[in-house]
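The values are calculated or read from the model by the stated rules, or taken from the named source; none is laboratory data. In this text the structure is predicted, and so the values were computed from the model without any measurement. Glycine also receives a Cβ, built like all others from the backbone with ideal geometry; neighbour counts cover every protein chain displayed. Heavy atoms of the whole protein, side chains included, go into the accessibility calculation; ligands, DNA and RNA do not. Shrake-Rupley method; radii C 1.70, N 1.55, O 1.52, S 1.80 Å.
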Amino acid sequence: MDNVSSMFFLSGLSETRNYRFTIFFLTLLCYCVILVVNSILIVTIIIDKTLHEPMYILLCTFCINGLYGSSGFYPKFLWDLLSPVHVISYSGCLIQALVMYSFACIDLSILAVMAYDRYLAICRPLEYHSLMSKQRLVKLVCFSVITPFCMMSANIFLTSRLKLCSRHIARLFCVNWIIVLLACYPADTTLNNIVGYVTIIFYVLHGAFIVWSYMYLIKTCVNSAENRAKFMQTCVPHLASLLTFLVTILLDIMYIRYGSRDLPQTIQNFIAIGFLIIPPIMNPSIYGLKLKKIQHRILFTDKVWKPKLQQQRRGCKRLLLVCLS
């Protein structure tokens with residue numbers, strides 16, 4: 001089969017035709033909520049100079065990545081809900097697979113950097129500003145974004161060289177491993193398997209680092225009321241984000257690799273899109289409600305800007321009266 005000129009058929013929506021308009025409006029609502037809550041947090045952190053600290057900059061990056069991952073799924077999915085045929089081009093499929101899983105890997109990398117930041121802030125407070133300088137923060141953010149993107153690009157490149165013998169993907173969106181399974185010759189996928197497992201091990205090490213960081217954090221916070229307060233204020237949102245991400249992404253990975261195809265398509269779809277719905281909505285909501293600086297900034301934005309807008313209106317009225325007179 002000529003890969004470049006081929007179209008993939010996505011069959012994940014085959015059992016939802018009778019409810020597609022309901023699903024469309026619910027999905028559109030979900031996408032709008034993701035856009036709004038993440039944008040509010042991003043704009044709040046960018047505008048307020050008092051929030052230009054490592055923890056909030058990492059949170060801003062986290063929310064930007066949420067928008068990046070969502071943009072790779074929701075627009076195409078909404079279009080498919082209104083289309084009689086659910087197809088995607090070969091190049092479009094590879095790009096979507098790259099976006100989906102680079103988004104997931106970037107999320108885990110940022111969570112690892114957040115864990116390191118909280119470890120330094122609570123366990124080594126005297127060294128915090130020297131160890132988490134602006135230069136180091138920029139390097140860590142770049143590492144968290146560029147490394148996952150490059151690793152997933154390598155996986156996608158290896159997939160692009162395979163000759164495929166099928167054009168049917170039983171999913172709502174393109175996934176790299178599903179495309180690999182369509183290869184005509186399984187022997188050609190050996191390198192894909194090796195690189196795939198190296199990628200998995202690399203990000204399992206991220207998880208191990210996060211566990212190690214929290215072991216020290218809990219040990220440090222046990223005997224100090226001040227550190228316990230810091231932990232509850234800044235680490236609990238991080239743990240909630242981490243657990244949400246791990247549960248949703250591990251369900252998807254385990255199902256892709258080892259799951260039974262006998263599950264109802266609706267359950268398969270829910271497992272597949274869990275990491276695209278729950279974390280992008282929950283993360284900004286949790287941080288916005290839990291972190292006092294952000295909560296205060298969002299709640300009192302109207303009180304800060306309303307008097308200024310009223311003053312500007314009064315000035316415009318005076319200017320208009322002068323011009324008319």
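Okay, here's what the table says:
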item	result
Stretchable slack from Met7 to Tyr19, in nm (0.36 nm times residue separation minus alpha-carbon distance)	1.8 nm
Normalised alpha carbon radius of gyration of the range 112-193 [divisor 2.2 N^0.38 Å]	1.71
Between the range 194-226 and the range 96-112, the Cα center-to-center distance that results, in Å	17 Å
Hull-based mean projected area of the range 23-155, where the convex hull spans the alpha carbons, in square nanometres	9.7 nm²
Of Cys105, His86, Met7, farthest towards positive along the dipole that unit charges on Lys, Arg, Asp, Glu beta carbons give the range 1-109	His86
Accessible area of the range 80-194 belonging to carbon and sulfur atoms, whole % at 1.4 Å probe	69 percent
Dipole magnitude (debye, nearest 20) for the range 39-153, charges at Cβ of Lys, Arg, Asp, Glu	240 debye
Per-residue ³J(HN,Hα) for the range 136-141, Karplus 6.51 cos²θ - 1.76 cosθ + 1.60, θ = phi - 60°, Hz, x for Gly and Pro	5, 4, 4, 5, 5, 5
Local net charge near Leu111, Cβ-Cβ under 11 Å (Lys/Arg +1, Asp/Glu -1)	-1
Histogram of C-alpha separations across the range 140-230, 5 Å bin width, %	3, 11, 16, 15, 13, 10, 9, 7, 5, 5, 3, 2, 0
Computed magnitude of the charge dipole of the range 94-197 (debye, nearest 20; Cβ of K, R +1, Cβ of D, E -1)	120 debye
